[in-house]
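Remarks on the structure that follows.
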Amino acid sequence: MAVRKRTPSLAQLRAFGAVAEHLHFRDAAAAIGMSQPALSGAVSALEETLGVTLVERTTRKVLLSPAGERIAVRARAVLDEVGALMEEAEAVRAPFTGALRLGVIPTVAPYLLPSVLRLVHEKYPELDLQVHEEQTASLVEGLTAGRLDLLLLAVPLGVPGVVELPLFDEDFVLVTPLDHWLGGREGIPREALRELNLLLLDEGHCLRDQALDICREAGRSDAPVTTTAAGLATLVQLVAGGLGVTLLPRTAVAVETSRSSQLLTGYFADPAPTRRVALAMRVGAARAGEYEELARALRGALRDLPVRVVRG
């Protein structure tokens, strides 16, 4: 039957580490807040546990044995790691500290991140926010696999194991060239979408799917895809060049239409087509309370945008 080896205690390692540093029992005991007898007993117990002599005691001074010098290095490394572990645990206990890996879709990132980053900088200065811009499918995979902690994207996702924290609803508007008959109009009926040459984002963007859904709701059965773009900036430039019209969420309008003087914005009759933007987290996330608080703070920070904030 194998004999179970004893393991040194942290108290023993701390006592020996102090002796190795100070080479004086009284000074070592004072440094770690132990009595001198207790410290001496802890070092003796460590020697017994390890089966080696660590300290050579004389009447005038304390010397480390050759084994003691080698083990002192290991003991210090162990104590340093324990200290780092305690600091990490403290960081975990303290809300809004450490890293937060936030995934954001491309049709949200340029328009909301300024507000998000400002909020984090002002309200949560100890939070290490790490932003990853990816399409929806990649973000959801990253969340469920643990690569990402939190998502900022359009919902609903309908993904098991994912909780959505709604932030706001925003309308879609129609962006047209200057000479288009719907340019600058208000009260545009959705049915107008049936006959328009609508430019869309590439496959994989949730905004493309939302635009197609809006067209189907308007009674359009075909997929109006003749020209596509990888991003909204390119899409809007295609509109400015007269290739068609497109749908933009309200938060993107100011940024994207400022790139060209050849654009007009039209507004739909109520109820306008909309999208909802939310944070998404894993069910049972260890930091769920922080994410819920962040959602509440974001709702307040986003009120100046052309959106309808959802009550949390």
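The values are calculated or read from the model by the stated rules, or taken from the named source; none is laboratory data. Quick caveat, the model's predicted, so the values are computed rather than measured. Note that each Cβ is placed from the backbone with ideal geometry, even for glycine, and that neighbours are counted across all protein chains shown. Side chains included, ligands, DNA and RNA excluded: accessible areas come from the protein's heavy atoms. Shrake-Rupley method; radii C 1.70, N 1.55, O 1.52, S 1.80 Å.
Annotations
- Annotation: Pro66 fulfils all but one of (1) exposed (fewer than 12 other Cβ atoms within 10 Å of the Cβ); (2) modelled with pLDDT under 90; the unmet one is (2).
- Top-ranked residue of region 145-162 - restricted to ones that are over 19 Å from Leu129 (Cα atoms) and touching a Lys or Arg at 6+ places or on another chain (Cβ under 9 Å), ranked as most open to solvent (accessible area, probe 1.4 Å): Pro156
- Selection status of Leu13, in a helix (DSSP H, G or I), modelled with pLDDT of 90 or more and either touching a Phe, Trp or Tyr at 6+ places or on another chain (Cβ under 6 Å) or not acidic (Asp, Glu) (or both): yes
- Number of positions in region 262-289 that are under 30 Å from Arg147 (Cβ atoms), touching a Gly at 6+ places or on another chain (Cβ under 8 Å) and part of a strand (DSSP E or B): 1
- The residue that is surrounded by the most Cβ atoms within 10 Å (Cβ to Cβ), counting only those in region 1-53 that are of a type in the set (Asp, Glu) and more than 21 Å from Gly83 (Cα to Cα), is Glu47.
- Checked against the criterion of being open to solvent by 30 Å² or more (accessible area, probe 1.4 Å), outside any loop (DSSP other than H, G, I, E, B) and among the basic types (Lys, Arg), the candidates Arg208, Arg311, Arg216, Arg259 yield just one match: Arg216.
- Some residue of region 180-201 being closer than 14 Å to Thr107 by Cα and either at pLDDT below 90 or touching a strand residue (DSSP E or B) at 6+ places or on another chain (Cβ under 9 Å) (or both): yes
- Given (1) among the charged types (D, E, K, R); (2) without any contact (Cβ under 8 Å) to a residue 40 or more places away in the chain; (3) in a helix (DSSP H, G or I), number of the condition Lys5 does not satisfy: (3)
- Those strands (runs of 3 or more DSSP E) of region 22-128 in which 1 or more residues are farther than 30 Å from Leu294 by Cβ occupy 55-57, 62-64.
- Within region 164-192, the set of residues being touching a helix residue (DSSP H, G or I) at 6+ places or on another chain (Cβ under 9 Å), open to solvent by 50 Å² or more (accessible area, probe 1.4 Å) and under 21 Å from Gln210 (Cα atoms) comprises Arg190 only.
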